[in-house]
Amino acid sequence: MPHHPDPSNPLSRSVRYLGPGQPFALRAVAVPQPEAGEVRVRVAACGVCRTDLHLRDGLLDLGRRDFAVGHEIAGVVEATGPGVDPARVGQRVVVYYYVGCGHCRYCRVGDAHLCPQPRAQPGFSSDGGYADYVVVPDVTCVPVPDGIPLTQAAPVGCAGSTAVHAGRLADIRPGDWVVVNGLGGVGAALAQYARHAGARVIAVGRGAARAAWAQRLGAEAAFDPDATPDLAAAIVALTGEGADVVFDLIGTRAALVAATGMLRRRGRLILLGYTEQTYDIHPVDLIVREITVRGSVGASLEDLHEAVALMARGVLRFDIADIVPLDAFDDALARVRAGGLTGRVVLDTGSGAV
């Protein structure tokens with residue numbers, strides 16, 4: 001979904017992905033123009049997600065080059081293309097970051113995030129939100145209710161919608177023991193979603209600050225993996241038999257082996273995090289306990305609508321660790337890489353939008 005800027009327009013800022021292993025580069029580009037069915041969003045805020053680091057490091061590479069990174073995008077609709085209701089101008093929105101082909105079996109049922117040939121993925125293979133402007137299809141812009149600052153709304157675009165999607169896949173039932181292994185942006189949203197679904201939540205995160213954060217989010221117990229020699233055994237002891245659901249956002253071999261060990265019979269392991277490491281397990285470990293292992297990637301557009309609705313009702317909240325200027329994106333990424341945050345780092349373009 002390439003866009004051809006109008007050379008007569010003033011320049012704007014855009015933080016570009018140039019290739020795996022290369023640092024992102026701040027460039028001046030022309031303001032993009034919306035085409036039929038599209039809108040131009042004046043970006044107000046963009047969350048900094050660990051997946052942005054996977055892109056930079058080369059762990060994630062969708063084959064495209066020279067586009068603006070960032071997929072947790074919130075802003076204000078500034079211009080519309082042909083066929084879009086002009087009343088959209090001025091609307092505060094959060095952006096869904098998949099544009100499917102529209103014709104495959106996945107797109108036909110609303111699962112654009114599984115489309116094998118997507119037209120665009122803002123922040124991953126097409127221009128995203130580390131920029132002053134982004135042009136996206138009108139349908140991908142979900143209105144943000146009044147009273148929610150756009151710096152708070154930006155993380156719902158990924159962290160919130162991803163949590164809703166994974167939570168639905170896990171089929172959480174009231175009274176289930178649910179472990180959230182990895183308390184970052186998505187993990188915090190998952191803890192709140194599971195609590196809302198009636199689960200008894202156990203959070204796993206490093207450091208006392210994250211343990212306290214987990215309790216504020218409604219977790220019944222919190223473990224520091226560095227201070228717990230056998231995490232699986234500790235969770236089995238607490239729950240009596242093991243967890244009903246484990247969401248793993250770490251993706252290391254050690255984390256995944258521990259996650260499998262802490263599940264009860266017919267437990268569900270939902271994989272969201274990944275590293276360069278592989279997950280090795282003997283089939284009998286899954287067979288005799290009828291364990292389900294399932295991957296969860298991104299979210300559907302409906303998941304994003306639901307996440308925004310949950311945020312509006314106060315079910316989901318997104319703590320913000322810091323708000324930094326767009327030009328300081330490298331500092332923001334370094335903080336995310338260092339870990340230990342109790343909230344999302346958000347880039348502020350300085351647009352003045354709230």
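The values are calculated or read from the model by the stated rules, or taken from the named source; none is laboratory data. Source: prediction; values computed, not measured. Note: ideal-geometry Cβ built from the backbone for every residue, glycine included; neighbour counts use all protein chains shown. To get the accessible areas, we keep the full protein, side chains included, count just its heavy atoms, and leave off ligands, DNA and RNA. Shrake-Rupley method; radii C 1.70, N 1.55, O 1.52, S 1.80 Å.
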| request: Could you work out, for region 78-231, what percent of all Cα-Cα pairs fall into each 5 Å distance bin, beginning at 0 Å and stopping at the bin that holds the largest distance? | output: 2, 8, 14, 15, 16, 14, 12, 9, 6, 2, 1, 0, 0
| When the chain is modelled as a GNM with alpha-carbon springs shorter than 10 Å, which of 293, 39, 144 fluctuates the most? | 293
| note | Between residue 12 and residues 5 or more places away or on another chain, the pairs with built amide H atoms under 5 Å apart involve 29, 30, 31
| request: Quick one: which residues, 5 or more positions from residue 38 or on another chain, have an amide H under 5 Å from its amide H? H modelled 1.01 Å from N in the peptide plane, none for Pro or chain starts. | output: 81, 138
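What relative contact order, as a whole-number percentage, does the chain give when Cα pairs under 8 Å and 6 or more residues apart are counted? Write down the numbers at each step before the final one.
Details: 847 pairs, mean separation 63.6, N = 354.
The value is 18 percent.
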| query | In terms of the Cα gyration tensor, with a ≥ b ≥ c the square roots of its eigenvalues, is region 33-80 rounded because a/c is under 1.5, prolate because a/b exceeds b/c, or oblate? | reply | oblate
| query | At residue 66 and residue 288, where each label point lies 7 Å from the Cα along Cα→Cβ, what is the point-to-point distance in nanometres? | reply | 5.8
| said: Once you keep just the Cα pairs under 8 angstrom separated by 6 or more residues, what percentage relative contact order results for region 146-279? | reply: 21
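With a Förster radius of 35 Å, plug the Cβ-Cβ distance of residue 119 and residue 257 into 1/(1 + (r/R0)^6) and report the FRET value to the nearest 0.05.
Numbers: r = 39 Å, r/R0 = 1.10.
With R0 = 35 Å, the Cβ-Cβ based efficiency is 0.35.
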| field | Relative compactness, region 15-98, computed as alpha-carbon Rg over 2.2 N^0.38 Å | value | 1.22
| Which residue, 74, 233, 154, has the most motion in a Gaussian network model of the chain that connects Cα atoms within less than 10 Å? | 233
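Would you work out the relative contact order for region 91-148, in percent, from Cα pairs under 8 angstrom that are 6 or more residues apart?
Details: 67 pairs, mean separation 24.6, N = 58.
Relative contact order of region 91-148: 42 percent.
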| task | List the residues of region 137-177 whose backbone N lies under 14 Å from a point placed 7 Å from the Cα of residue 323 along the Cα-to-Cβ direction. | result | 147-155
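If each residue of separation counts as 0.36 nm, what is the full-extension length gain between residue 104 and residue 334 once their alpha-carbon separation is subtracted? Mind dumping the intermediate values first?
Values: separation 230, 0.36 × 230 = 82.80 nm, distance 3.86 nm.
That works out to 78.9 nm of additional length.
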| remark: The alpha-carbon center of region 245-280 and that of region 168-186 are separated, in whole Å, by 12
| Computed over the Cα atoms of the chain, what is the convex hull's projected area averaged over all directions, in nm²? | 17.2
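In Å², what does the accessible area per residue of the chain work out to with a 1.4 Å probe? Numbers along the way, then the final one.
Working: 14630 Å² over 354 residues.
Here the per-residue accessible area is 41 Å².
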| request: Using a Gaussian network model of the chain whose springs link C-alpha atoms within less than 10 Å, name the residue from 160, 251, 240 with the highest mean-square fluctuation. | output: 240
| Where the accessible area of the chain is counted over protein heavy atoms with a 1.4 Å probe, how much of it, in %, is carbon and sulfur? | 52
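Which value in deg cm²/dmol, rounded to the nearest 500, describes the helix-derived mean residue ellipticity at 222 nm for the chain, given -39,500 (n - 2.57) per DSSP H run of n ≥ 4 and division by the residue count?
Details: 11 runs with 94 residues, N = 354.
That calculation yields -7500 deg cm²/dmol at 222 nm.
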| said: I need the phi-derived Karplus couplings for region 80-93: 6.51 cos²θ - 1.76 cosθ + 1.60, θ = phi - 60°, integer Hz, Gly and Pro marked x. | reply: 10, x, x, x, 9, 4, x, 5, 5, 4, x, 6, 7, 9
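May I ask what percent, to the nearest 5, of DSSP beta bridges between residues of the chain are antiparallel?
Numbers: 32 of 60 bridges.
So the antiparallel bridges in the chain amount to around 55 percent.
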| request: Can you tell me the 0 to 90 degree angle between the C-alpha axis of helix 301-312 and the longest principal axis of the chain, rounded to 10? | output: 80
| Karplus-derived 3J(HN,Hα), 6.51/-1.76/1.60, for each residue of region 157-168, Hz, glycine and proline x | x, 10, 4, x, 5, 5, 5, 4, 4, 5, x, 5
| task | Give me the net charge of residue 88's neighbourhood, meaning all other residues with Cβ under 13 Å from the Cβ of residue 88; Lys, Arg count +1, Asp, Glu -1. | result | -1
| Ordered by residue, what ³J(HN,Hα) values in Hz, to whole numbers, does region 34-48 give under the Karplus form 6.51 cos²θ - 1.76 cosθ + 1.60, where θ = phi - 60° and Gly and Pro are x? | x, 9, 4, x, 10, 10, 9, 9, 7, 5, 9, 8, 9, x, 9
